[in-house]
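The values are calculated or read from the model by the stated rules, or taken from the named source; none is laboratory data. Treat the numbers as computed from the prediction; the structure is a model and nothing was measured. Here Cβ is always computed from backbone atoms with ideal geometry, including for glycine, and neighbour counts include all displayed protein chains. The accessibility values were calculated without ligands, DNA or RNA, using every heavy atom of the protein model including side chains. Shrake-Rupley method; radii C 1.70, N 1.55, O 1.52, S 1.80 Å.
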Amino acid sequence: MTDQHDDTHDDTAVFADATAMRGTGTAMIELEGVDKFFGDFRALGDINLKVASQEVVVVIGPSGSGKSTMIRCINRLEEHDAGRIVVDGTELSNDIRNIQEIRRETGMVFQSFNLFPHLSVLDNITLAPRKVRKLPKRVAEELGMAMLEMVKIPEQAGKYPGQLSGGQQQRVAIARSLAMKPKVMLFDEPTSALDPEMINEVLDTMKELAASGMTMIVVTHEMGFAREVADRVVFMADGQIVEVGTPEHFFENPSEDRTKLFLSQIL
Amino acid sequence: MSLTPDRLGAAHRSGALVWARRNLFRSPVDGVLTIVFGAISLWLIYKTFSFVFITGRWDIIRVNLRLLMIGRFPDVHVLRLAVTVVGLAAWGGFLAGFIRARQIRSGRVSDDDESVVARVGDTVARLWLPAMVVLLLLVLSSTSGPWITVGIAIVAAILGRALGPLAGRPKLGPMGSALLIGGIGAVPVGLYFYVVTAVGFDDWGGFLLNLFLAVCAIVLCFPLGVLLALGRRSTLPLVRVVSTGYIELVRGAPLFVLLLLANSALGFFVPNSLAPSTSTRAIIVFTLFTAAYMAEIIRGGLQSVPRGQIEAAKAVGLSPARQMGYIVLPQALRNVIPAQIGQLISLFKDTTLAGIAMGLFELLQVTTAIPAQEGFRGQGLIGETITFAALLFWTVAYTMSRESQRLEKRLGVGVR
């Protein structure tokens, strides 16, 4: 397992694509032979994926295909049962220090926002920088305000999450993740819980983030976003990666029957 | 529902008739019910009124007021209690001012949110009921000492409130802050020792003893309850088994039995010279007993926090202790405030059991003893004394309940 990776002549199609991307070419995230079981159910089977620095990868697939489980394994919200996961050169292990080190470098945005309802918007954003990065309060608050300006809602800093619209809450959640200055951002269906008129404000924020060079893995059903922003699209079904390709390849000319079936159902 | 429509006055007679018809006599059954319950209510009101103002022999309270409030506390040391009351009033005022200044400094409260008039009005609305009862007690008292004490206490509270912000406003270093908060915390402890060095625990009595037992047990049972709740959910098997075992064992025993055990069976385990005083034992039993219930209430609160909250806390890199301390526990505790306060009110009222089970001379013991006094014997005055005890308990319990609702509202700001 260990001497299979790190070689320059990647032979699988999955890896070969990465070199053609906008990304810098150095791997930010590597998944190798990752398996995940829920009881007897195999949620992930032999997942191999390499994401380059500054690359945007969009993961699509039918529900229950393991998309969320895969990205939740990357920051250890789920524990994988076999294989290797390496984030920015650090391999995920069972050591809590190691897990926290990887979580510090990995931002995550959830479908249901998961803002802390008892804290103000600004406190939501500054809590982790203050307690984990040990920033002084004033520095953390300046950083927090800068993040809120980035997602274009600085005027909401003093409010509580319950007073914001869904779209605003999700933008605060993005700002909260960014305040930790992560190297990777994971998005787990960030627009699925939003009313239709709020989806675009969140997608626009994500587009700007992608344009700024953030490494991103996005699980979504927004095909427009995938087509426009993704460097690569990953199609998953039944816990396995079925096909990986550029958006052009993927939407115009998919090679797998399973992909064609899925696309015919949703487009 | 008001049963006397004519309170609306003659000018609104027709309106009142319409109202009565709609609300009290809509159907024959409604009419019968209104008349029956109206008659019962009027009879109850009449009986209560005549008991309180005509037939009640309240001189038994007047004569024994001191015994009811502080038991057989030695005369020479009552001054220490007065000093303590004044000290606590100043301390409370200081703390209120201090906390508010800190909140303004951190930006959680804006200084001009409410006018001074509105805030004073708010304080009056919070305190008028206990204040009325204190006034009643003062009127009943036969000496000037209580009047002077309360007068000075009010001045001390106002002074403390004025001084509190001076300590809360400036930014102190961590050392300064720790010293200041330690100093504030030391005041009630110091006052306790000031009293207890003169008069040992077992000579305290009356309502003072009920209040003191309850306050001590409340302060101690809360952290223990939190620890037990966390212990029961721990991933360490030993911690979990011990916590669960403790909770189930204590909840399975009646409080009264535990008090009796502490009173008599403790001698089997601890030599008499080392055994704590009866009142201390009572505090320990109340604390251990209530902590088991608090633990289950808090565990319910912990379970009410959605899993997504913990995942979000993990995802931003917080350590397990910080996930608990900053994210889960604050939400868990807030979610179960009503149940927690209910348990604490129950604890407060259960302090009367310490009188029956352990022979402590608390309020209920006094109220049942004094009708047998020389001069009152055989006159059946227990109604008066029990009513008086009920009033005191109700006043404190109801104030706790109102304060908890207020707390709930304030902590719920902006939450769905």
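Below, the figures for the structure above:
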| read-out | value |
| --- | --- |
| Computed accessible area, B:Ile382, all protein chains, 1.4 angstrom probe, square angstrom | 80 Å² |
| 1.4 Å probe, heavy atoms, protein only - residues of region B:311-342 losing at least 50 Å² accessible area vs chain alone | B:Glu311, B:Ala312, B:Lys314, B:Ala315, B:Val316, B:Gly317, B:Leu318, B:Arg322, B:Tyr326 |
| Sulfur and carbon atoms: percent of accessible area, region B:74-198 [1.4 Å] | 75 percent |
| Relative contact order %, chain A, counting alpha carbon pairs below 8 Å whose residues are six or more apart | 24 percent |
| Entries in A:Lys67/B:Lys409; A:Lys207/A:Lys260; A:Lys67/A:Lys134 that, when Cα-Cα distance is taken, lie over 29 Å | A:Lys67/B:Lys409; A:Lys67/A:Lys134 |
| Proximal charge balance of A:Asn253 [Cβ under 14 Å; K/R count +1, D/E count -1] | -3 |
| Vicinal HN-Hα couplings computed from phi for region B:129-136 (Karplus, 6.51 cos²θ - 1.76 cosθ + 1.60; Hz; Gly/Pro x) | 5, x, 5, 4, 5, 4, 4, 4 |
| Debye, to nearest 20: dipole size of the protein assembly as shown, +1 on Lys, Arg Cβ, -1 on Asp, Glu Cβ | 3660 debye |
| Simple Cβ-charge dipole of chain A, Lys/Arg +1 and Asp/Glu -1, about Cα centre, in debye nearest 20 | 1340 debye |
| Eligible lysines near A:Lys137 by straight Cα distance, threshold 27 Å, same-chain separation 8 or greater | A:Lys152, A:Lys159, A:Lys181, A:Lys183, B:Lys171, B:Lys314 |
| Spatial separation of Cα centroids for region B:222-258 and region B:355-416, in angstrom | 29 Å |
| Peptide B:302-310, shielding by other chains (average Cβ, 10 Å cutoff) | 2 |
| Where region B:74-198 is the region considered: accessible area per residue in Å², 1.4 Å probe | 61 Å² |
| Computed over region B:326-416: relative contact order in percent, which uses C-alpha pairs under 8 Å that are six or more apart | 33 percent |
| Choice from B:Leu236, B:Leu347, B:Leu261 showing the highest fluctuation, given a GNM over chain B with Cα pairs closer than 10 Å | B:Leu236 |
| Pairwise label distance in nanometres, B:Ser401 with B:Met132, each label 7 Å out on the Cα-Cβ vector | 1.5 nm |
| Estimated FRET transfer efficiency when R0 is 30 angstrom, pair B:Ala339-B:Val241 (beta carbons, to 0.05) | 0.75 |
| Angle in degrees between helix A:257-266 and the longest Cα principal axis of chain A, rounded to the nearest 10 | 40 degrees |
| Amide H contacts under 5 Å for A:Val59, placed H, 5+ residues apart | A:Val218, A:Val219, A:Thr220, A:Val234 |
| Accessible area of B:Trp19 in the full protein assembly, 1.4 Å probe (Å², nearest 10) | 80 Å² |
| Among B:Phe94, B:Val396, B:Pro146 the positive-end extreme of the charge dipole of chain B (Cβ point charges) | B:Phe94 |
| Theoretical ellipticity at 222 nm over the protein assembly as shown - DSSP helices of four or more residues, -39500 (n - 2.57) apiece, nearest 500 | -19500 deg cm²/dmol |
| Between helix A:121-131 and chain A: long-axis angle, C-alpha atoms, 0 to 90°, nearest 10 | 70 degrees |
| Region B:164-214 versus region A:228-267: alpha-carbon centroid distance in Å | 69 Å |
| Choice from A:Thr215, A:Thr106, A:Thr205 showing the highest fluctuation, given a GNM over chain A with Cα pairs closer than 10 Å | A:Thr205 |
| Net dipole in debye of region A:171-210 [+1 Lys, Arg Cβ; -1 Asp, Glu Cβ; about Cα centre; nearest 20] | 380 debye |
| Whole-Hz couplings from phi, Karplus 6.51/-1.76/1.60, listed for region B:250-263; x for Gly and Pro | 5, 6, x, 10, x, 4, 4, 5, 4, 5, 4, 4, 4, 6 |
| Tensor-based shape of chain A (alpha-carbon gyration tensor, a/c under 1.5 rounded, otherwise prolate or oblate) | prolate |
| Interface size B-A, as summed buried accessible area [1.4 Å probe, Å², nearest 100] | 2200 Å² |
| In nm, spacing of pseudo-spin labels at A:Phe41 and B:Ser319 (7 Å Cα→C-beta vector) | 3.6 nm |
| Relative contact order [Cα under 8 Å, 6+ residues apart], region B:74-198, whole percent | 54 percent |
| Computed accessible area, B:Tyr46, all protein chains, 1.4 angstrom probe, square angstrom | 140 Å² |
| Inter-probe distance in nm under a simple model that places probes 7 Å from Cα toward Cβ, at B:Val189 and B:Trp394 | 3.9 nm |
| Debye intensity ratio I(q)/I(0), log10, the protein assembly as shown, q values 0.05 Å⁻¹ (C-alpha model) | -0.39 |
| For region A:141-180, residues shielded by at least 40 square angstrom of accessible area compared with the chain on its own, probe 1.4 Å | A:Tyr160, A:Gly162 |
| Nearest-0.05 FRET efficiency for B:Phe269 and B:Ser144, computed from C-beta distance (R0 60 Å) | 0.75 |
| Carbon and sulfur %, accessible surface of region A:108-267 computed with the full protein complex present, 1.4 Å | 48 percent |
